[in-house]
Amino acid sequence: MTNQNKRPRLALTLGDPAGISPEVILKALADPEVTQNCNVVVVGSKNLLVETYENIRKIINNPLALANPADLSMIDVPTADDIIIGVGNGASGVASFAYMESAISQTLAGEFDGIVTGPIAKSAWKAAGYNYPGQTELLAEKAGIERFGMLFVGRSPFTGWTLRALLATTHIPLCQVSATLTPQLLTKKLDLLAECLQRDFGIKNGRVAIAGLNPHSGEMGQLGTEEIDWLIPWLESERQKRPHLQLEGPIPPDTMWVKPGQAWYGNSVVKNPADAYLALYHDQGLIPVKLMAFDRAVNTTIGLPFVRTSPDHGTAFDIAGKGIADATSMKAAIQLAVELVKQKHRA
């Protein structure tokens, strides 16, 4: 996209072909509000997408609910014939990995402004011999970056308020969280978040709420000492270094999400909800995010040289091929990618 008036060009990966990704892609691309502001190219198996279209069309009996693959722009990636709908395995892992590699290489070559990724199964990648915690880490490796983060964004359908939550640590066992968290790591994540708020959302003097690690943020060392040992001193140091940011915390994890919940549902007057929330580990951030915004939250990787978004749900193998998958989050992922590309070119 050479200027902000042009339509962003997005690569949309098919994700794990045994899951719901092909279905939600067809449903999302059938919505003109999703496609009117961008050019989407699906990266994956055309035969599988056609098969999904024919099968789901029989179930829902509404041709307008699905985009016809014949009308879509596609990069056809060879895929094995032994994909079993509803069963993630090595074959589906090989396929979804190939879709990602194709999208990444062409985006890095300048063919696309961003990537929207369909959900994959990490177990299928492992079965295929690819040892990555997830798509985020593959994207970072291929892009040659070490500073990156998983930011979850959702716009409330009740109030219009935008939730933004960044994870300090992501796909690691809970027993490793305390040892992995360091002042240096949190500084990197806060750097990324501050840059993202200004560059991607136009927020220059943002308010960031930062969670504690332990129950009640340690209760003065009675329930864990990480807060008094280093988290509180680190936060005080960051306040001195970043006078343009309003940094709140460490907030007890069980109460940090009260204001976001009120701002999301609009069932209470909320004074000054934060512009972003920094959670220290996966479930501390994603349980509340998914509770509020499961059907419309979007995972975006910050720190990449291009835009990347993804629906905030998994492969849902148990409902694959049944015609009941909800495409709301996929639609939101495409629309957010468009907004981020345009904002990037305005900056």
Query raised in the report: Which ones in the stretch 270-327 are without any contact (Cβ under 8 Å) to a residue 24 or more places away in the chain and touching a helix residue (DSSP H, G or I) at 6+ places or on another chain (Cβ under 6 Å)?
Result: Val270
Requested in this report: Please give the number of the condition Tyr277 fails out of (1) in contact with a Lys or Arg (Cβ under 8 Å, 6 or more places away or on another chain); (2) at pLDDT below 95.
Outcome: (2)
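Residue-by-condition table, conditions (1) out of contact with any Leu (no Cβ under 7 Å at 6 or more places or on another chain); (2) open to solvent by less than 60 Å² (accessible area, probe 1.4 Å); (3) outside the structural domain of Ala168 (by the TED database):
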position	(1), (2), (3)
Ala194	no, yes, no
Gln198	yes, no, no
Ile203	no, yes, no
Ser217	yes, yes, no
Gly221	yes, yes, no
Trp230	yes, yes, no
Query - Filter result for Trp257 (without any contact (Cβ under 8 Å) to a residue 40 or more places away in the chain and among the aromatic types (Phe, Trp, Tyr)) - result: yes
Query raised in the report: Out of curiosity, is Ile334 farther than 25 Å from Ala168 by Cβ and open to solvent by 40 Å² or more (accessible area, probe 1.4 Å)?
Result: no
Query raised in the report: For the stretch 269-322, what are the residues that are surrounded by 20 or more Cβ atoms within 10 Å (Cβ to Cβ), under 24 Å from Gly88 (Cβ atoms) and charged (D, E, K, R)?
Result: Arg308, Asp312
**Report entry** Cβ-Cβ under 7 Å pairs, at least 6 apart or on other chains, the stretch 180-209 side assigned to a helix (DSSP H, G or I), far side exposed (fewer than 14 other Cβ atoms within 10 Å of the Cβ)
**Finding:** Thr180/Ile172; Lys188/Arg147; Leu192/Arg147; Gln198/Lys204; Arg199/Ala347
Report summary line: Restricting the stretch 137-157 to residues that are more than 14 Å from the chain's Cα centre (by Cα) and among the acidic types (Asp, Glu), the one modelled with the lowest pLDDT turns out to be Glu146
Query raised in the report: Out of the residues in the stretch 11-37 that are more than 17 Å from Gly321 (Cα to Cα) and not in a loop (DSSP other than H, G, I, E, B), which is most open to solvent (accessible area, probe 1.4 Å)?
Result: Glu33
Query raised in the report: Would it be correct to say that Leu291 is under 23 Å from Ala211 (Cβ atoms), of a type outside the set (Phe, Trp, Tyr) and either at pLDDT 95 or above or part of a helix (DSSP H, G or I) (or both)?
Result: yes
Query - Of residues in the stretch 139-179 being among the aliphatic types (A, V, I, L, M) and in a loop (DSSP other than H, G, I, E, B), the one least open to solvent (accessible area, probe 1.4 Å) - result: Ala168
Report task. Report yes if some residue within the stretch 256-270 is under 30 Å from Glu101 (Cα atoms) and assigned to a loop (DSSP other than H, G, I, E, B); otherwise report no. Result -> no
Query raised in the report: How many residues does the stretch 92-119 hold that are open to solvent by 20 Å² or more (accessible area, probe 1.4 Å) and either touching a residue at least 40 places away in the same chain (Cβ under 8 Å) or under 19 Å from Thr300 (Cβ atoms) (or both)?
Result: 6
**Report entry** Candidate set from the stretch 318-337 (those that are over 14 Å from the mean Cα position of the chain (by Cα) and aliphatic (A, V, I, L, M)); member that is nearest to Phe152 (Cα to Cα)
**Finding:** Ala327
Query - Those residues of the stretch 121-137 which are farther than 30 Å from Val258 by Cα, touching a residue at least 40 places away in the same chain (Cβ under 8 Å) and open to solvent by less than 40 Å² (accessible area, probe 1.4 Å), in sequence order - result: Ala121, Ala124, Gln135
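The values are calculated or read from the model by the stated rules, or taken from the named source; none is laboratory data. Note that this is a predicted model, so its numbers are computed, not measured. With ideal geometry, Cβ positions are generated from the backbone for all residues, glycine too; neighbour counts draw on all protein chains shown. Accessible surface areas use protein heavy atoms only, side chains included; no ligands, DNA or RNA. Shrake-Rupley method; radii C 1.70, N 1.55, O 1.52, S 1.80 Å.
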